[in-house]
Each structure stands twice: as structure tokens, then as C-alpha cells.
1. For VAL112, what residues show an amide H to amide H distance below 5 Å, using hydrogens built from the backbone and excluding near sequence neighbours?
2. With unit charges on the beta carbon (Lys/Arg positive, Asp/Glu negative), name the residue among ALA108, GLN355, ALA286 whose Cα is farthest towards the positive pole of the charge dipole of the chain.
3. How big is the accessible area of TRP315 in square angstrom, nearest 10, if you roll a 1.4 angstrom probe over the protein chains?
4. Please state the charge dipole magnitude for the chain, taken about the Cα centre, from unit charges on C-beta atoms (+1 on K and R, -1 on D and E), reported in debye and rounded to the nearest 20.
5. Picking from ALA262, ALA299, ALA106, which is most flexible by a Gaussian network model of the chain using Cα springs under 10 Å?
6. In the full protein assembly as shown, how much of THR148 is accessible to a 1.4 Å probe, in Å² to the nearest 10?
7. Rounded to the nearest 500 deg cm²/dmol, what is the calculated helix-only ellipticity per residue at 222 nm for the chain, with -39500 (n - 2.57) per DSSP H run of length n ≥ 4?
8. Under 24 Å Cα to Cα from LYS217, which lysines show up? Leave out anything in the same chain fewer than 8 places away.
Amino acid sequence: MLPSRPLLHGGRVLVVDDDPTTLALLDELLRSAGFAPPTLVADPRELRAWSDARGFDAVLLDLDLPHMDGWEVLAVLRERYGDNMPPLVVVSGDSRRGNQVRALSAGACDYVAKPFDTNELLLRIQMHATGHMNRHLLREQKSELEATVQQRTSALRQSRLQILRMLGRAAEFRDNETGAHILRMSHVSALLARELGWDDERCELMLNASPLHDIGKIAIPDAILLKAGPLTPQEREIMQEHTVKGAAILRAPEGEGNELLAMATEIALHHHERWDGGGYPCGLAATDIPESARIVAVADVLDALTSTRPYKSAWSFAEALAYIQAHDGRHFDPDVVAALSRNRHRVQEIRHHFQDADIG
């Protein structure tokens, strides 16, 4: 009589035993208990060429086998399954204590001596198989949950990026610049960063942080921001405040480790610093200026010079490059200028790709 226990529907069991009577008994026992028809293997040599991708929820293994003993079979199964080894129950006529300890040490989870009690054996199989199936289910649920979290995190990240990009475009439009300007300078900034040895992740941060370099201009009065003629000293001081105001807008709340906002903040604050220390707002010099800001300084000036503005005509690319090279080591980081010079053709490709009516 089978034990009164909920049936285990669909569990799959591998039985390795050369005794036809035992195979027939276990086949009937497992089917009647709700398992799927078990896989019965009488010749263990078949396991070496066996390639069942579906896996099993339990393995029943006799140690006394022809051609390969049970220890060899156990080793084959462990090699095949690795960390995903299903629970293995040794069913053997050898009840010596030493063999039981050896089997458990080799990876078996249980040891049942022949002749076995069918009720006891079935309970053990059900216990181990149920545990294995539950662990498998938990792994699947964990994987699905991780995938869902990853998708939602990616969607949230994309949403944040879109908002930041819109802020960057708002600042450029208010300054009578075009949306293509921030596309050009951000792609050039990412190109120069890669040329200077940045990894893919940091280059991606640069691509998305650099468009926000002038976000502080939204806090500058129109009378100054849109003035066609030269600025007075007082007006220039107010204009220069866009760096500090931009950093204040972008600075993440304390305790929030947002790498994108952190890079955008340092770029907004320091992209008008000069290599010789004559820039603003902090008067930093050389490598005291964050590298991200040094890169953006070159990319931004390059695009500004080659674009038409109300107060000036567009320079040619060659003229702008010559100007930047002439200020190598004074206004600009020599390494960034060298990277620009080496990649002049790729930079021009970026400019041609993101064109607008303001490009000269």
C-alpha cells in the first residue's frame, strides 16, 4: 500500500540498475505515485553518450553494475550536472556503513539498502524530488524577478535620461543654440573620452552628462543671455554664474550615488576652467580640473566656433582646430587637444551627421 501523501505530478526520475525486476518495480512505483514515466538505464555505458537536456528531479543508482560501477556512474553524473546535480539516492544491496559514508561524501543525498520497503523508498524519493523541484522553481522565479527588475530599472533609467536630455535642449534653445549642438558636442566628448582611455561605461556617462554643461543658463536673465553686443564686466560676472547655478541644479541629494548626475555636475561647474588656471568659477588649473570638464571644454568650444551665432559667423573646422591647437597648454588640456587632432576626421564625421542650418 502506498503512503497517503500528495502525488508529485510530472517529476522526472532517472533509474540506473541492471536488475530487470528492480527496474520494473521502480517503474510501476514511480508512475503510480504521479511521477512522469521514469528513464530506465540497465547498461551504465549508455550514460556517457546520453544527452537529455531536460534534466531530472531525482536519480536512483545501484552501486553493483556491469561495465561501470556505481562510483564511476556517480562521477559521470556529477561531471554532467555540476552544481545542478539532482538529488541522488543510492539503492544498493551493500549495506556496509563505509559505503554509505563514501556515497554521501561523493555527492549522494541518501542511501537505501536492498531489499527496500517501497513505502519508505517512495517517501524518500518524494521528499528529495519535491525539494529539488521547489529549488528549481525558486531559481526560475528569482530569474524572472531579476529580469523584471532589470527591465523596470532600464525603463526608469531611460526615463531619467530623456528628462535630462530635454533639460539640456531647453538650455541650448534659450541660448539661441540648436539641439544639434548638444548632439555634436556630446558625441565628440564621448569620442575624445574613449581616445583618452575611458571604458565603455564612463564613455556612456560622458555622452549623457555632457549635454547638461550649460543647464545653468536657464537661470541667467534674458537681457544678458541674449545680448547681441559685448557684455559689461558686471554682466559677464552674472553670465559666469551659470556654472555654479548649473551645478546646483544637477547636484544629487546627499547620499544618492548617481554617477550620471555626479559627472554632469562636475562638467557644469568646471567646463570653463582653463589649463593655466585663468578660468572660472574656481580658478582650477591643469589636472586639478576634472578630466570630464577638460574634455567638454574642447568639444564645446570647437562646436561653438564652427557654428553661427547672432554675434558671429561660423568658422571653418580647420580654423577652429588651429585656434584650439594654438591654445594648447594655456586654455586647453594638451592631451585632449592631441586626441582631437588625431581624430579630426572622425570629429568631422560627427559634425556632418548631426547637421543643422547653423553649421558653417
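1. VAL90, VAL91, SER92
2. GLN355
3. Around 90 Å² of this residue is reachable by solvent.
4. 660
5. With Cα springs under 10 Å in the chain, the top fluctuation among ALA262, ALA299, ALA106 is at ALA106.
6. My reading of the accessible area for THR148 is about 50 Å².
7. -17500 deg cm²/dmol
8. LYS227, LYS245, LYS312
The values are calculated or read from the model by the stated rules, or taken from the named source; none is laboratory data. Small disclaimer: the values here were computed from a predicted structure and weren't measured. Positions of Cβ are backbone-derived with ideal geometry, glycine not excepted, and every protein chain shown enters the neighbour counts. Surface accessibility is based on the protein's heavy atoms, side chains included, excluding ligands, DNA and RNA. Shrake-Rupley method; radii C 1.70, N 1.55, O 1.52, S 1.80 Å.
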